[in-house]
1. Remind me, relative contact order of segment B:163-245 in percent, using alpha carbon pairs under 8 angstrom and six or more residues apart?
2. Short version: ³J(HN,Hα) in whole Hz for each residue of segment B:349-362, in order, from phi by Karplus 6.51 cos²θ - 1.76 cosθ + 1.60 (θ = phi - 60°), x for Gly and Pro, what are they?
3. Tell me: how much accessible area in total is hidden between B and A, 1.4 Å probe, Å², nearest 100?
4. I need the phi-derived Karplus couplings for segment A:165-175: 6.51 cos²θ - 1.76 cosθ + 1.60, θ = phi - 60°, integer Hz, Gly and Pro marked x.
5. For a protection proxy built on the mean count of beta-carbon atoms within 10 angstrom, sort B:280-292, B:348-360 highest first, please.
6. Considering amide H positions built from the backbone, and no H for Pro or chain starts, which residues 5 or more places from residue B:244, or on another chain, come under 5 Å of its amide H?
7. Can you give the FRET efficiency to the nearest 0.05 for residue A:85 and residue B:46, using r as the Cβ-Cβ distance and R₀ = 60 Å?
8. Where both residues lie in segment B:156-424, what percent of DSSP beta bridges are antiparallel, nearest 5?
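The values are calculated or read from the model by the stated rules, or taken from the named source; none is laboratory data. Keep in mind it's a predicted model, so treat the numbers as computed, not measured. Reconstructed Cβ throughout: ideal geometry from the backbone, glycine too, with neighbour counts over all protein chains shown. With ligands, DNA and RNA removed, areas are computed over all heavy atoms of the protein, side chains included. Shrake-Rupley method; radii C 1.70, N 1.55, O 1.52, S 1.80 Å.
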Amino acid sequence: GTYGIAQTVRELSVISHSQITRLYSRFHSLDKGENGALSREDFQRIPELAINPLGDRIINAFFPEGEDQVNFRGFMRTLAHFRPVEDNEKNKDPNSGEPLNSRNNKLLFAFRLYDLDRDDKISRDELLQVLRMMVGVNISDEQLGSIADRTIQEADTNGDMSISFSEFIKVLEKVDVEQKMSIRFLH
Amino acid sequence: MESYLFPFDGLLCMLLGISFTLWFTLLLIFIIVPAVFGVSFGIRRLYMKSLLKIFEWATLRMERGAREKNQQLYKPYSNGIIAKELVSLEQEIQEVRRSGIPAPEPEFDMSDIFSFCRRGVESIVDDEVTKRFTAEELESWNLLTRSNYNFHHISTRLTVLWGVGVLVRYAILLPLRVTLAFTGVGLLVVLTSLIGLLPNGWVKSSLSEKAHLMCYRICVRALTAIITYHDSENKPKNGGICVANHTSPIDVIILASDGCYAMVGQVHGGLMGVIQRAMLKACPHIWFERSEVKDRHLVAKRLSDHVADKTKLPILIFPEGTCINNTSVMMFKKGSFEIGCTVYPVAIKYDPRFGDAFWNSSKFGMVNYLLHMMSSWGVVCSVWYLPPMRREEGEDAVQFANRVKAAIARKGGLADLLWDGGLKREKVKKVFKEEQQKMYSKVLVGVSEDSHGSEVVRGSEDSHGSEVVRGSEDLHGSEVVRGSEDSHRSGGRHCYAAWRAGALEEPGRTFILN
């Protein structure tokens, strides 16, 4: 209802009324079962998402642990990670905590795409699985294995053969995360 | 029996009789006779102009109402709601990488995931395909509740107007239209059956033409369709195939009321079957049994035979295979383009202000749809006859199909998409995902000359390439992608670049970079 939306709006710091309406309209058009929540099948019906090699991982990001329905609030909350960063400048509220679309939270979103078992570490196995999703059948196991090994070697600083979130941040410190992980509304 | 009759029954009967006769005479004079002779009194255009003025007033009224309450009107935008990158995925990944030179050893960058991730989420917010299968949202209100998103801004005057509209549409227009529809269809069946009794020859075909045209014109009036035909000098001729974009079953009526075509379709039972059989008696149409539809060679043979006979009418085909919502043109199935005859493309664009002509076959049945159409204000559309096209040297059927599709999209002001209209009901084929994976593997391994890495990539490319050429139905999607190679700068074998570049052909429909 409207209370939920108001709460969501506060969480997202600044989002215009028309953008919320538009996203709600989109949510509603994806919700084929018309039960106010989206399932994984609803997402997979989008052809462009279905052909994305990481489509399943992205869809998973919308669903909290152990659930297979996401309501509009959850939908908006996940999408909030992709709001452009500069919009926050207008609304510095010391009580609101770190906004969902901060650089850190964008990096955390990407980290979680790799971290399959949600244990806050990217193990060699998890990295291999994600790589396999991205390349399909086109690269051999040995080659992929050596790619994974090299990546972990470069990133791992504490020698536990896996990548923690802080190591992840360090590796990507020079990358313009804000721009790459932002979606701009036209209106 | 006598006790049932009212004292005024004589008067009542007389009144009913008179009004009925009056009604019928008016119908005859103003609608049926002009339909028979193919002339128009211009009543419909007058109607259209006055309606437009009313709609404008209604929209302004709603905007004023919204401003008074200090709220914003919901405005739909069909051009996309988010800004998307115009660069291909491949280029984007290369840009993020630290070095632009292909490495001797495969190099993976953890930031590669960002591009996939963002594009995935972009498609969740706004994708090019799913919105083509629902009715287009309108910016102005046409006094139909089914297309209004700003209910709370309606004033009393507007509500009264809407009420009057409902009365007019359901009490006056709907019965009139239904009568006309029955007349038109009935006449079609009767006349074609009669003509079928004649011996084959010039007289028969000429009469058949006139009968078909007349009945379709009555049907056009049954829908209050106001059609503007452009470039009639390019009208399809015998021995050719006419292809058009498909929005609704009404397309057939619109085209067939201006020219004579041989229809192609599946044999139906019931009323449709009766109509089909009757039409077949008067002139050769191509109706397929359900079992024959699967056999592509049989279909192709029958079409080629028909086309080879110059006395037979041009075939009317809708290569998209399903109804699309008239904002875009989707993939054309290559079957009709393999026959090797002249193709006459036709673009049909409906004016969305009057009512949405799109048939959402997953939501509504045919009868429901027709009732919808007959109880709305009417149908306004434009038909453009494009100059005939032939397949060129070195062009395969898919490339030809895409060329025709691009021409139709450009003329009608529609977005040109490579996606298959079949996605309305089916899942997208896995081969597209495999294309993406292959592309990324190439980026990872590098397009270098040396042995190990590139062998893997090249090997799989080759086998993929030859599969495509063999033209199996399964990989039709990727054929399309290959077919677009020459017309798109990225030389894309991957569909992201291909369809994005396709979207770029329509200047009004590009994504705007901030």
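1. Rounded, it is 36 percent for segment B:163-245.
2. With the stated coefficients, segment B:349-362 comes to 10, 8, 7, x, 5, 8, x, 8, 8, 5, 9, 7, 5, 7 Hz.
3. 5400
4. 5, 5, 5, 4, 4, 4, 4, 9, 5, 8, 8
5. B:348-360, B:280-292
6. Here B:317, B:346 satisfy the definition.
7. That pair, residue A:85 with residue B:46, gives E of 0.60.
8. So the antiparallel bridges in segment B:156-424 amount to around 25 percent.
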